[in-house]
Amino acid sequence: MPRRKSSVVGREFGEGVRSIIERSGMTHRRLAEKMGWDEAKLSDMVRGKGGVTEAELTLLLGFCEATPLEIQYLVALFRETRESAYLRFSDELDQLPVLLNQERLANEITVWSLSLIPGHLQTTDYMRAIIAGAAQDESVDYEKVIEAKLERHKLFHWSRTFVFYIHEQALRLPVGGPDVMKDQYIHLLGMMERPYITLRVVPTAIGAYAGTTGSFIQLGYEKFESVVFLEGESSGLFIEEPKPLARYSRVLKLLDVQALGPEESKGLINGILF
């Protein structure tokens, strides 16, 4: 089946509208009748295909009793649905649900991590230690951030494949002290036993390597085109344009050559642990 053209922002918009419609208790057919629309028009809108004006969207959301903040957010997404990249300025707690929604849709998740253990593989104590060493924002509830991060652990399932490239310096960075790191290494070794998870270490000894510009996540979908996610201090960027996506694919191909194999990587982690 050919992959459909569907942007991240379009999928996020559609999911948000769909959720509000479900909360109203109305079927799509009943809502379309109330609005005086064809049901196909409503279907196109919740699939992020457009077909409505901003005024029509606002009217529908008001009819479904969406809150003012929900309306503001979905109208902003609606305005971005024709963009080729989705840039989200927000705190980490606000970014995570958007990324998690896309990761749930993906069947292939490939991660390059330069300085830390990838979030999918972090233990709770490791997460807390990262937060303790970061520049904190007093307005953020970091326990809720940890709770949201732990939702990513539920992604692990045989129906998806995961490939993690981790630089050796990320493994050796002493986050939270010896006990935290020992538990983290044991957790990594346990996760590596799952057949759908591949973890490969890029050794410090090779010197210069691909991916020096920063960490990223590549999401591959069965039905949609792949995207790359870049996480910043106060923003998250989904990249969808073919040309930059090809550059990230080249980085991953080079990392595939430069990284140790799975068994060698396991041996390196065991060596650090013991």
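The values are calculated or read from the model by the stated rules, or taken from the named source; none is laboratory data. If you're wondering where the values come from, they're calculated on a predicted model, not measured in any experiment. Cβ sites come from the backbone with ideal geometry, for glycine too, and all protein chains shown count toward neighbours.
Determine, yes or no, whether Leu59 is modelled with pLDDT of 85 or more, aliphatic (A, V, I, L, M), surrounded by fewer than 20 Cβ atoms within 10 Å (Cβ to Cβ) and not assigned by TED's automatic domain parsing to the domain that holds Ile20.
no
Can you name every residue in the range 221-274 that is aromatic (Phe, Trp, Tyr) and surrounded by 14 or more Cβ atoms within 10 Å (Cβ to Cβ)?
Restricting attention to the range 221-274, the residues satisfying the condition of being aromatic (Phe, Trp, Tyr) are 221, 224, 229, 238, 248, 274.
Tyr221, Phe224, Phe229, Phe238, Tyr248 - these are the residues of the range 221-274 that are aromatic (Phe, Trp, Tyr) and surrounded by 14 or more Cβ atoms within 10 Å (Cβ to Cβ).
Just to be sure I understand, how many residues within the range 101-145 are assigned to a helix (DSSP H, G or I) and either closer than 19 Å to Ala170 by Cα or among the polar types (S, T, N, Q) (or both)?
Initial filter on the range 101-145 (assigned to a helix (DSSP H, G or I)): 101-105, 119-121, 124-132, 142-145.
Subsequent filtering for residues that are either closer than 19 Å to Ala170 by Cα or among the polar types (S, T, N, Q) (or both) retains 101-102, 119-121, 124-132.
Going through the range 101-145 one residue at a time, the tally reaches 14.
In the range 205-220, how many are surrounded by fewer than 18 Cβ atoms within 10 Å (Cβ to Cβ) and in a loop (DSSP other than H, G, I, E, B)?
Adding up the residues that qualify gives 5.
Only one residue in Leu254, Leu189 is assigned by TED's automatic domain parsing to the domain that holds Pro97, over 23 Å from Leu273 (Cβ atoms), touching a residue at least 12 places away in the same chain (Cβ under 8 Å) and over 21 Å from the mean Cα position of the chain (by Cα), so which one is that?
Values: Leu189 fails: over 23 Å from Leu273 (Cβ atoms).
Going through Leu254, Leu189 in turn, the sole match is Leu254.
Return the residues of the range 156-202 that are of a type in the set (A, V, I, L, M), within 26 Å of Val257 (Cβ to Cβ) and not in a helix (DSSP H, G or I); say none if nothing qualifies. First the steps, then the outcome.
Kept after step one, since they are of a type in the set (A, V, I, L, M), are these residues of the range 156-202: 163, 166, 170-171, 173, 175, 180-181, 186, 188-189, 191-192, 197, 199, 201-202.
From what's left, within 26 Å of Val257 (Cβ to Cβ): 163, 166, 170-171, 173, 188-189, 191-192, 197, 199, 201-202.
Scanning the range 156-202 gives Val163, Ile166, Leu173, Met192, Ile197, Leu199, Val201, Val202.
How many of the residues making up the range 43-70 are in a helix (DSSP H, G or I) and over 17 Å from Met26 (Cβ atoms)?
Adding up the residues that qualify gives 6.
Checking the conditions here, which among Leu230, Leu260, Leu237 is touching a Lys or Arg at 6+ places or on another chain (Cβ under 9 Å) and closer than 22 Å to Glu103 by Cα? Please lay out each step first, then the result.
Numbers: Leu230 fails: touching a Lys or Arg at 6+ places or on another chain (Cβ under 9 Å); Leu260 fails: closer than 22 Å to Glu103 by Cα.
Answer to the check: Leu237.
Under the condition of being polar (S, T, N, Q) and touching an Asp or Glu at 6+ places or on another chain (Cβ under 9 Å), which residue from the range 220-274 is modelled with the highest pLDDT? Write out each step before concluding.
Taking the range 220-274 and keeping what is polar (S, T, N, Q), we get 226, 234-235, 249, 258, 265, 270.
Filter once more, keeping what is touching an Asp or Glu at 6+ places or on another chain (Cβ under 9 Å): 226, 234.
Numbers: Ser226: 89, Ser234: 63.
For the range 220-274, the residue satisfying everything is Ser226.
Of all residues in the range 62-101 being among the polar types (S, T, N, Q) and closer than 20 Å to Val140 by Cβ, which is modelled with the lowest pLDDT? Lay out the reasoning, then the answer.
Filtering the range 62-101 for residues among the polar types (S, T, N, Q) gives 67, 72, 81, 84, 90, 95, 101.
Then drop every residue that is not closer than 20 Å to Val140 by Cβ, which leaves 90, 95.
Values: Ser90: 51, Gln95: 56.
Ranking the candidates gives Ser90 first.
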